[in-house]
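Enquirer: Please see the structure below; I have some questions.
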Amino acid sequence: MENQLFSCMVCADTCSVPCMMKCPRSSFYGKDECDGGIWCLDCVRKWCDLNKPKKERQNKPIRCGKCRAYIMDSKYAYASKCYQVLDALFPEIDKYTKDIAICRRSSCGVNCNTQRKLWKHIKNECEESMMKCEKCTRWIKRKDMKNHIECDHTYVECSLCQNDHGFKNKILKKKLISHFNWHRQNYKEKFIDSLNLMKIEHLRLKKIEDSINIVDNYLSHIGQNNIL
Ligand SMILES: [Zn+2]
Ligand SMILES: [Zn+2]
Ligand SMILES: [Zn+2]
Ligand SMILES: [Zn+2]
Ligand SMILES: [Zn+2]
């Protein structure tokens, strides 16, 4: 009897992070025609297509899983409009079974021991959960976030001139090659320029040395005459 009280509408297992759909005919809207059913968090999210980014959702009406009353279109759906987490039930479920506090998301399987810790884990820690990128507001799996930041938000700088090449994932190989070729050409020209400058300096130095030699010779000549 108790078991049935907490069993999920979809998977028929004991609810893992119990939720209730925000049915327009339920107590959320001051009515008592429907109770919105009781769902696992992951089951209700799947039902409402909330696990996918908005762009990837097929637009279809989300209906109450119990009485089929219309809630909203899945294309624009967000969690707080579709379901409510029944955290008041957490201690009851903890008392009832411990196995249900294991994270069911893909390959995660972390045992959180209590419903509260599991919910916290799903929201803030689970590598399989989606999180919002602070830079572009896209929803990305936590485990893919590092890679996303690295590829989509990292500017690549040229090591020679510190110019931006743009975002790492958008760099064109052709552009990069032509940029480095430009550097090569530029350095060649500069090198030839400085070589020419050195030649001129060398000639000038030689002229100065020649002049000094002439003066030296002259001075030593005078000196010799003085002694004689
Ligand atoms: Zn379920
Ligand atoms: Zn309903
Ligand atoms: Zn997890
Ligand atoms: Zn981003
Ligand atoms: Zn450069």
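Nothing in this text is a laboratory measurement; each read-out follows from the coordinates by a stated rule. It should be emphasised that the depicted structure is a prediction, and the values quoted were computed from it without experimental measurement. Using ideal geometry, Cβ is built from the backbone for each residue, glycine included, and neighbour counts are taken over all protein chains shown.
Enquirer: Of T97, T14, T137, how do they rank once you tally other Cβ atoms within 10 Å and put the fewest first? Kindly include the intermediate steps, with their values, before the conclusion.
Expert: Working: T97 13, T14 19, T137 7.
Listing T97, T14, T137 from fewest to most nearby Cβ atoms yields T137, T97, T14.
Enquirer: Here is a further query. Using helices alone, what [θ] at 222 nm do you get for the chain, with -39,500 (n - 2.57) per DSSP H run of 4 or more residues, divided over all residues and rounded to the nearest 500?
Expert: Values: 7 runs with 95 residues, N = 228.
So the helix-based figure for the chain works out to -13500 deg cm²/dmol.
Enquirer: Something else: In which sequence would W39, W119, W139 go, from the one with the fewest C-beta neighbours within 10 Å to the one with the most?
Expert: Values: W39 27, W119 19, W139 15.
Fewest-to-most ranking of W39, W119, W139: W139, W119, W39.
Enquirer: Quick one: among S178, S74, S16, which has the greatest mean-square fluctuation in a GNM of the chain with alpha-carbon springs under 10 angstrom?
Expert: S178
Enquirer: Please identify, among H183, H165, H202, the residue showing maximal mean-square fluctuation in a Gaussian network model of the chain using a 10 angstrom Cα cutoff.
Expert: Top of the fluctuation ranking is H202.
Enquirer: With the dipole of the chain worked out from charges on the C-beta (+1 for Lys and Arg, -1 for Asp and Glu) around the Cα centre, which of I62, C103, M198 lies farthest toward the positive end?
Expert: Going by the charge dipole, the pick is I62.
Enquirer: Taking the Cα centre of the stretch 3-150 as the origin, how large is its charge dipole in debye, to the nearest 20, when only Lys and Arg (+1) and Asp and Glu (-1) carry charge on their Cβ atoms? Spell out each step's value before the answer.
Expert: Details: 30 positive and 18 negative charges, 122 e Å.
Computed about the Cα centre, the dipole is about 580 debye.
Enquirer: Please report, in debye to the nearest 20, how large the charge dipole of the stretch 108-203 is about its Cα centre when each Lys and Arg carries +1 at its beta carbon and each Asp and Glu carries -1 there.
Expert: On the way: 20 positive and 12 negative charges, 106 e Å.
Roughly 520 debye for the stretch 108-203.
Enquirer: Moving to a separate point now. For the stretch 1-90, what is the Kirkwood estimate of the hydrodynamic radius, computed as the reciprocal of the mean inverse distance between distinct Cα atoms, to one decimal in Å? Can you show the working numbers first?
Expert: Working: mean 1/r = 0.0761 Å⁻¹.
13.1 Å is the Kirkwood radius here.
Enquirer: Can you list the equivalent-ellipsoid semi-axes of the chain, largest first and in whole Å, using the square root of 5 times each Cα gyration tensor eigenvalue?
Expert: Each semi-axis is √(5λ); the values are 81, 21, 13 Å.
Enquirer: Take the chain, mark every one of the GluC sites (Glu not before Pro) that falls in a DSSP loop and has at most 13 other Cβ within 10 Å, then report the longest stretch left between them, sites excluded. Write out the running numbers ahead of the final one.
Expert: Working: sites that count: E33, E134.
That gives 34-133 as the longest site-free run.
Enquirer: If one computes the Cα centroid of the stretch 177-228 and of the stretch 135-167, what distance in Å separates the two points?
Expert: Taking the Cα centre of each part, the stretch 177-228 and the stretch 135-167 sit 50 Å apart.
Enquirer: Here is a further query. Which residue, C133, C48, C15, has the most motion in a Gaussian network model of the chain that connects Cα atoms within less than 10 Å?
Expert: Looking only at C133, C48, C15, the biggest GNM fluctuation is shown by C133.
Enquirer: Quick check on the exposure proxy: order L219, L118 from fewest to most C-beta atoms within 10 angstrom.
Expert: On the way: L219 10, L118 25.
Neighbour counts put them in this order, fewest first: L219, L118.
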